[in-house]
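Undergrad: Take a look at this one; I'll ask things after.
We did not get these values from a lab; they are worked out from the coordinates using the rules stated. Treat the numbers as computed from the prediction; the structure is a model and nothing was measured. Here Cβ is always computed from backbone atoms with ideal geometry, including for glycine, and neighbour counts include all displayed protein chains.
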Amino acid sequence: MFVSPGDLEKYAFCPLSWWLSKEHKIVHKEGVKHHKKVGKELQEIKEKEKKVKFYEKYILFFSVAATIVAISGIAFLYEEIQTFWQYFFVTLALMWLLVSAFFLYRATKVVSILKPKYEKLLLLSSMGAILIAFFSFLFSSPANRDMSLFAEILAIIWIVVANLLFYRGMYLSDKIVEKKIRYIPIKGEIEYIGSDREKEIISEKYGIRGKPDYILKIDDEYIPVEEKTSDLQSPIFPHVIQLTAYCMLIEDKYGVPPSYGILKYKNAEFKIPYEKRWKEVVMQLRKNMIKDMEKGIAHRNHNNPKKCARCIRKEYCPERLS
Ligand code: SF4
C-alpha cells in the first residue's frame with residue numbers, strides 16, 4: 001500500500017487530523033495559488049533556459065563554421081602564400097600526430113575514472129586532424145578569387161547569425177535571472193517540477209508516492225524542495241517528515257540518496273539533512289497509518305492543548321483538547 005508525503009505530514013501532526021482530512025477537505029486558497037505560481041515560474045525558467053542552451057549550441061556552431069570558411073576564403077586568395085601554408089600545415093599535422101599518439105598511449109594506461117577525459121581529448125584531437133587535412137587540401141588548391149569572395153561573404157553572414165542568436169540568448173537570460181535567483185542556487189538546475197504535467201514519483205521500496213514541489217540538480221545531487229506559505233522561523237516536525245519522505249522518493253528514483261532537502265517558508269529557508277533517524281520515523285508513521293486504515297479509525301496521540309488550539313480541524317474534532 002502506498003501513502004503520500006502530504007498524508008504523512010498530516011499524520012505526523014496528529015493521526016486524527018489526518019483521518020478527519022479525508023472527510024473534511026480544507027482547501028488552502030493561498031497555498032494553492034502560491035504553488036501554482038511557483039510551478040508556472042519554474043516552468044518558464046526551464047523553458048527559457050532550454051532555449052538559451054539551444055542558442056548557445058548554434059552560436060558555437062556558426063562561430064566555428066564562420067572561422068573555418070573565412071580561413072578557407074584566404075586560402076583561395078593568393079597563390080604566393082600557398083607554399084608557406086602548405087609547409088605550415090604539414091608541420092602542424094606532424095605535431096598533431098605526435099600529440100594524438102601520446103593521448104592514445106596515456107588512454108591505455110590511465111585508471112578507468114579518467115578514461116572519459118582521455119576519450120574526449122582523443123575525439124578533439126581527431127577533429128583537429130580532420131580540420132588540418134581540410135586546410136592542407138584548400139591551401140594546395142589553385143587561387144580562385146570568386147571562391148574566396150563567396151567564402152568571406154558566407155563567413156560574414158554566419159557571424160551575423162551567431163551575434164543575433166547571442167543577443168537573443170542574453171535577452172532571455174536577463175528576463176529569467178531575477179526569478180532564477182529566487183528558486184535556484186548558482187550551480188543548480190531544475191530537474192523536476194511537481195506541476196500537473198509531471199508524473200508522480202513512486203517508490204515500491206518504501207511504499208510512498210507523491211510529487212515534490214520541485215527537484216533541483218545541484219553538484220550531481222537531486223535535492224527536493226518543499227515550499228510552504230507559513231511564516232515560520234524554524235522547521236517543524238511534520239514538515240521535516242514530509243521532506244524526508246520526498247528524499248526517500250528521490251533515493252529510490254535516482255538510486256542515490258540526497259544529502260539534504262530544502263524547506264522554504266515565507267521568509268526563511270532551511271537545509272534539512274536526510275538522516276537515518278528521520279527515515280525510520282517516516283517508516284514507523286507509515287506503518288501506523290496503514291494499521292489505522294485497516295482499523296477504520298485514528299485517534300489523537302498527544303495531550304497538548306496548544307496543538308489542538310492551532311489545529312485547522314478542531315471545529316469538528318471529537319477528541320480536541322481546547
Ligand atoms: S483538534 Fe487536536 S486532537 Fe483533534 S485533530 Fe486537531 S490536533 Fe488532533
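Undergrad: May I ask you to compute the full-extension gain from Lys175 to Ala70, defined as 0.36 nm times their residue separation minus their alpha-carbon distance, rounded to one decimal in nm?
TA: 34.4 nm
Undergrad: Calculate, for Ile290 and Arg182, the FRET efficiency according to 1/(1 + (r/R0)^6) with r their C-beta to C-beta distance and R0 35 Å; round to the nearest 0.05. Please report the intermediate quantities before stating the final value.
TA: Numbers: r = 38 Å, r/R0 = 1.09.
Step by step, r from the Cβ atoms, then E = 0.35.
Undergrad: Kindly flag which residue pairs out of Lys40/Lys205; Lys36/Lys264; Lys205/Lys279 have an alpha-carbon separation exceeding 20 Å in this structure. Mind showing how you got there, number by number?
TA: Working: Lys40/Lys205 31 Å; Lys36/Lys264 15 Å; Lys205/Lys279 13 Å.
Pairs exceeding the cut-off: Lys40/Lys205.
Undergrad: How do Lys205, Lys307 rank when sorted from fewest to most other Cβ atoms within 10 Å of their own Cβ?
TA: Lys205, Lys307
Undergrad: Scan around Ile208 for amide H atoms under 5 Å from its own, H built in the peptide plane at 1.01 Å from N, and keep only partners 5 or more places away or cross-chain.
TA: Val3, Ser203
Undergrad: Is the shape of region 224-322 rounded, prolate or oblate, going by the alpha carbon gyration tensor and its root eigenvalues a ≥ b ≥ c, with a/c under 1.5 for rounded and a/b larger than b/c for prolate? All intermediate terms of the calculation are to be shown ahead of the outcome.
TA: Values: a/c = 2.66, a/b = 1.34, b/c = 1.98.
The shape class here is oblate.
Undergrad: Further question on the same structure: As a check on your grasp of the helix formula, calculate [θ] at 222 nm for the chain: sum -39500 (n - 2.57) over DSSP H runs of n ≥ 4, divide by the residue count, round to the nearest 500.
TA: Only helices count here, giving -22000 deg cm²/dmol.
Undergrad: So what is the relative contact order for region 222-268, in percent, with contacts set as C-alpha pairs under 8 Å and at least six apart?
TA: Across region 222-268, relative contact order equals 61 percent.
Undergrad: Still on this structure, I have one more. Rounded, prolate or oblate: which fits the chain when a ≥ b ≥ c are the square roots of the eigenvalues of the alpha-carbon gyration tensor, with rounded for a/c under 1.5 and prolate only if a/b beats b/c?
TA: Cα axes put the chain in the prolate bin.
Undergrad: A further question follows. By counting other Cβ atoms within 10 Å of each Cβ, how are Met248, Met283 ranked from fewest to most? Provide the component values of the computation, followed by the final result.
TA: Details: Met248 26, Met283 16.
Sorted ascending by nearby Cβ count, the order is Met283, Met248.
Undergrad: Kyte-Doolittle cut-off -0.5, length cut-off 24 Å along the helix's own axis using Cα: show which whole DSSP H helices in the chain pass.
TA: Values: long enough: 29-75 (69 Å, -0.28); 80-109 (46 Å, 0.90); 115-140 (37 Å, 1.03); 145-183 (56 Å, 0.61); 237-254 (25 Å, 0.41); 276-295 (29 Å, -1.23).
Helices meeting the criterion: 29-75, 80-109, 115-140, 145-183, 237-254.
Undergrad: Going down the list Lys53/Lys271; Lys51/Lys211; Lys29/Lys180; Lys10/Lys306; Lys228/Lys287, which pairs span over 18 Å between their C-alpha atoms?
TA: Lys53/Lys271; Lys51/Lys211; Lys29/Lys180; Lys228/Lys287
Undergrad: Separate question: Going by how many other Cβ atoms sit within 10 Å of their own, how do Ile153, Ile223, Ile132, Ile202 line up, fewest first?
TA: Arranged by neighbour count, lowest to highest, Ile153, Ile223, Ile132, Ile202 become Ile153, Ile202, Ile132, Ile223.
Undergrad: Could you tell me the center-to-center distance, by alpha carbons, between region 120-136 and region 37-56 in angstrom?
TA: 35 Å
Undergrad: May I pose another question? May I ask for the net charge around Lys48, where only other residues with Cβ less than 14 Å from the Cβ of Lys48 are counted and Lys, Arg are +1 while Asp, Glu are -1?
TA: +1
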